Amino acid sequence: VQLQASGGGLVQPGGSLRLSCAASGMIFSIYPMGWYHQAPGKQRELAATITRDGSVVYADSVKGRFTISRDNAKNTVYLQMNSLKPEDTGVYYCNTVPARVGVPWGRGTQVTVSS
């Protein structure tokens, strides 16, 4: 099983990024998937969830700014991040929700919001 996140980078406050996460070695379509955010010096937290039928749930901190989506044909989950704030800085990981033994976290993708 492998989860490969990409799309991070350096962006100014108010800017946008689109993250992608490609899954392999698992039956992707049956799992709820999520994007997790780990800010510097803090624990990893769940930012957004999408169920296998497309229902979504967001943490209050990203509601109205981030949009999670999935393409089961491509085994990929996405996170559209708009109106970015400095507190959105950190490493973003995708994984199942809840995270499962046997599904490794991968390296994530770094997002830095700074002027």
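Annotations for the structure displayed:
- Virtual paramagnetic centre 7 Å along Cα→Cβ of Ala39, amide N under 19 Å, in the range 74-106: 81-94
- Loop-resident trypsin sites (Lys or Arg not before Pro) (DSSP state other than H, G, I, E or B) in the range 1-64 with no more than 15 further Cβ atoms inside 10 Å of their Cβ: Lys42, Arg52, Lys63.
- Given their separation in residues at 0.36 nm each and the Cα-Cα distance between them, Ser24 and Arg52 gain 8.5 nm when the chain is fully extended.
- Approximate spin-label separation Ser16-Ser115, in nm, with each point projected 7 Å along Cα-to-Cβ: 2.1
- Partners for Lys85 among lysines (Cα-Cα distance below 24 Å; same-chain residues under 8 apart left out): Lys42, Lys63
- Solvent exposure of the range 1-79, expressed per residue, is 54 Å² of accessible area, with all protein chains present and a 1.4 angstrom probe.
- Subtracting the Cα-Cα distance of Lys63 and Ser83 from their residue separation scaled by 0.36 nm leaves 6.1 nm.
- Across the range 32-42, coupling constants 3J(HN,Hα) worked out from phi with the 6.51/-1.76/1.60 Karplus curve, θ = phi - 60°, read x, 10, x, 10, 10, 10, 10, 6, x, x, 10 Hz, and Gly and Pro carry x.
- Sulfur and carbon atoms: percent of accessible area, the range 11-115 [1.4 Å]: 50
- Sequentially through the range 57-64, phi angles give Karplus couplings (6.51, -1.76, 1.60; θ = phi - 60°) of 9, 10, 5, 4, 5, 10, 4, x Hz, Gly and Pro residues having no value and appearing as x.
The values are calculated or read from the model by the stated rules, or taken from the named source; none is laboratory data. Owing to the predicted nature of the structure, the values given are computational and were not obtained by experimental measurement. We place every Cβ from the backbone using ideal geometry, glycine too, and count neighbours over all the protein chains shown. Surface areas here come from the heavy atoms of the whole protein model, side chains and all, with no ligands, DNA or RNA. Shrake-Rupley method; radii C 1.70, N 1.55, O 1.52, S 1.80 Å.
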